[in-house]
Amino acid sequence: MLLIFSAATYRASIKSSRRKLQLGDLPKLARQEFGLSGLLVTTDLLAGWNMPDIDRLRVQADKAACPCLAIVEPDPHDLGVLNNEKAAQSIDRMHRVLIAAHRMGCSAVGFRAAGSKDSAATDRLVNRLKVVVSQAEKLDVNFLLAMAKGPTETAEGLINTIKRVGGFRIGALADFQDAGATDDPAETIRRLAPYGPLVIASSIEFDDAGNHTRYDLLRCAGALADVGYDGAIAIEYRGAKALEQCVEWTRQTVENALTEETEK
């Protein structure tokens, strides 16, 4: 099992007009400050970048022994939309992200595919996903779907969509915050984790003792051990206070859950 760092944790600092921190600084920071061995990058942090910029980040990450392993698109794409032109724009966008991921040496790309739940819209979503997954297969990049409004808003719906699309390169991207919004967060993680090589261990808010207050972070992490998950786990803090401390608490909670389960 590999613990990696999500660059989105430092989104505010990277996007700040003061520019105290740059994306290229994160591989070294993740490795030296948090002891993490890889990087997840979100597409909003790559806005305006060209291929030489991507090549530069790849070199910086490799030198820091913290390679870029995944790119995730935070905003959902409505692939069930009736408008073919709009859908084509989404497919083109996804393809460009896949190309960037291939260039960066990433093994996976994460997306959210939204749409109406009616059967016609769901069919359109599935058919359009098949086009993008075929592109991912040609680039040797895993195409991962996270939960989103519509057919994929539940673990069952997401798994069914993945099965309908088919192929060796499509899987699930389980996210603790997504799971935390369901009736049984740990069960949601148990169901989705076996379908993908990457899980986002997202956290939002801790009390002064280091306990996560929004959902049971420890149980979500323990669910990974329950199913024998052995892929990558991206540590991502989405709150606004005591960033470094909360990243450390998130990492410790995940490690503690995995250690406790191993010792049982």
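Nothing in this text is a laboratory measurement; each read-out follows from the coordinates by a stated rule. Small disclaimer: the values here were computed from a predicted structure and weren't measured. No Cβ is skipped: glycine too gets one built from the backbone with ideal geometry, and neighbour counts run over all protein chains shown.
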Net length gained if the chain between residue 207 and residue 123 were fully extended (0.36 nm per residue, minus Cα distance): 25.8 nm
Cβ crowding within 10 Å averaged over residues, with 156-165, 228-237 ranked highest first: 228-237, 156-165
Fraction of antiparallel bridges per DSSP, the chain only, in percent to nearest 5: 5 percent
Of 81, 247, 199, the one that fluctuates the most in a GNM where the chain has Cα springs shorter than 10 Å: 81
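Placing +1 at every Lys and Arg Cβ and -1 at every Asp and Glu Cβ, with all other atoms neutral, what dipole size does the chain have around its Cα centre, in debye to the nearest 20? Don't skip to the end; give the middle numbers.
Details: 32 positive and 35 negative charges, 218 e Å.
The dipole of the chain has a size of about 1040 debye.
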Set 86/163; 15/86; 117/163; 28/63 screened for pairs whose C-alpha atoms are more than 19 Å apart: 86/163; 15/86
Over the chain: helical MRE at 222 nm, DSSP H runs n ≥ 4 each giving -39500 (n - 2.57), nearest 500: -14500 deg cm²/dmol
Distance from region 119-183 to region 1-39 (C-alpha centre basis), Å: 27 Å
Packing-based order for 123-132, 85-94, 167-176, 205-214, using average beta carbon neighbours within 10 Å, highest first: 167-176, 123-132, 85-94, 205-214
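From the square roots a ≥ b ≥ c of the eigenvalues of the alpha-carbon gyration tensor of the chain, which class results: rounded (a/c under 1.5), prolate (a/b over b/c), or oblate?
Taking the square roots of the gyration eigenvalues as a ≥ b ≥ c, the chain is oblate.
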Mean separation of Cα contacts under 8 Å (6+ apart) over length of the chain, as relative contact order %: 16 percent
Partner aspartates and glutamates for residue 241 [C-alpha distance under 14 Å; skip if fewer than 8 residues away on the same chain]: 205, 207, 208
